[in-house]
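Participant: Handing you this structure, nothing more for now.
The values are calculated or read from the model by the stated rules, or taken from the named source; none is laboratory data. Source: prediction; values computed, not measured. Positions of Cβ are backbone-derived with ideal geometry, glycine not excepted, and every protein chain shown enters the neighbour counts. Accessible surface areas use protein heavy atoms only, side chains included; no ligands, DNA or RNA. Shrake-Rupley method; radii C 1.70, N 1.55, O 1.52, S 1.80 Å.
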Amino acid sequence: MYVPALLLFGVFIFYPLIQGIKISFTNWDGYSQQYAWVGWEKYAQIFTDPKIIQTMKNTFIYGLGSTLFQNLLGLAYALFLDQKLRGKGIVRTVVYLPVIISPLIMGYISYFFFQFEAGAINDLLKLLNKETVDWLASGPRAVWIITGVNTFQYMGIAMIIYLAGLQSISKEYYEAADIDGATWLSRFLNITLPLLAPAITINIVINVIGGLKLFDVIIAMTNGGPGYASQSLSTMMYNLYFARQDAGYAAALGNVMFLIICVISLTALYLLRRREVKM
């Protein structure tokens, strides 16, 4: 029964991975039938590329920043919705709704909020007689705006996972804590947080992987600009392949990004799993 799944995995995952590794050792332009083996030249080029440091920095901000904010907001919403409230189903739907929107569409929607000319935020500032701001003209500001948009779109996933974790915690623990006179903070730190450890592990690993390979929102909002100030490793690969026609360098960068994501996500998984056992 698992043979069809293995075939699909081999065709769409394993074979492209092997081809990507092979291409990274060539000077292929991505289109012609002719290419030459250049060894480790494309990997060495990564260390001499003047844009790589800023790109790496942006990538880690997208990955780690989104992870932090998605988990904080997702947990806050989950704690709120775990109470006996009327209409919490509507709130849960509204928070989760952005998840089902295509990331590219979410990027374009957000761009119409933050663009300088006729942007919704600047139109509001004009109504309040305030000076308008070119929100995406500054690289660092654009990076954090994109991180915020990514957080807004996917915090619903974190919320659902945390909510499932909260609802699986036996109420007997809280009843015993109430009898002992525990405060809300004490209950949260000593009961809720330790028993949410599996949900925290799942959310952090998923968020880190998604944030580090962020692509669609960046392309829609800034296309990596101004200049290269907001590009990530994913958008840099895209531009290398299609704009510069340097498929070999793009493949080498993709392999390095794959290793970075694997190392960070597996390390996080290992450390968080150990934390679960200790708790």
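Participant: At q = 0.12, 0.14 Å⁻¹, what is the base-10 log of I(q)/I(0) for the chain according to the Debye formula with one equal point scatterer per Cα and no solvent? Please give it to two decimals.
Facilitator: -0.92, -1.12
Participant: Evaluate the relative contact order of the chain (contact order divided by residue number), counting alpha-carbon pairs under 8 angstrom at least 6 apart; express in whole percent.
Facilitator: Contact order relative to length: 31 percent.
Participant: Which percent of the accessible area of region 76-158 is formed by carbon and sulfur heavy atoms (probe 1.4 angstrom)?
Facilitator: Whole-percent figure for carbon plus sulfur exposure: 67.
Participant: So if a site counts as exposed when it's one of the trypsin sites (Lys or Arg not before Pro), its DSSP state isn't H, G, I, E or B, and it has at most 14 other Cβ atoms within 10 Å, what's the longest stretch of the chain without one?
Facilitator: 131-243
Participant: Considering lysine pairs in the chain that are 8 or more places apart or on different chains, how many have Cα atoms under 23 Å apart?
Facilitator: Eligible lysine pairs with Cα atoms under 23 Å apart amount to 10.
Participant: Could you work out the local net charge near Thr267, counting Lys and Arg as +1, Asp and Glu as -1, over the other residues with Cβ closer than 14 Å to its Cβ?
Facilitator: Overall, the nearby charge balance is +3.
Participant: While we're here: In Å², what does the accessible area per residue of region 213-279 work out to with a 1.4 Å probe?
Facilitator: Per residue, region 213-279 has 48 Å² of solvent-accessible surface.
Participant: Can I ask one more? Count neighbours as other Cβ atoms within 10 Å of each site's Cβ, and list the chymotrypsin sites (Phe, Trp or Tyr not before Pro) in region 27-97 that are DSSP loop with at most 10 such neighbours.
Facilitator: Filter output for region 27-97: Tyr31, Trp40.
Participant: What accessible area per residue comes out for region 1-142, rounded to a whole number of Å², with a 1.4 Å probe?
Facilitator: Per residue, region 1-142 has 68 Å² of solvent-accessible surface.
Participant: Please return the longest stretch of the chain lacking exposed loop sites, where GluC sites (Glu not before Pro) count only if DSSP places them in a loop and at most 16 other Cβ atoms lie within 10 Å.
Facilitator: Value returned for the longest uninterrupted segment is 132-279.
Participant: Using a 10 angstrom cutoff on alpha carbons, build the Gaussian network for the chain and name the most mobile of Val99, Val133, Val205.
Facilitator: Ranking Val99, Val133, Val205 by mean-square fluctuation puts Val133 first.
Participant: Which residues does a label at Ile21 reach in region 236-279, if reach means a backbone N under 13 Å from a point 7 Å past the Cα toward the Cβ?
Facilitator: Once the point is set 7 Å along Cα→Cβ of Ile21, 255-256, 259 turn out to lie under 13 Å by backbone N, inside region 236-279.
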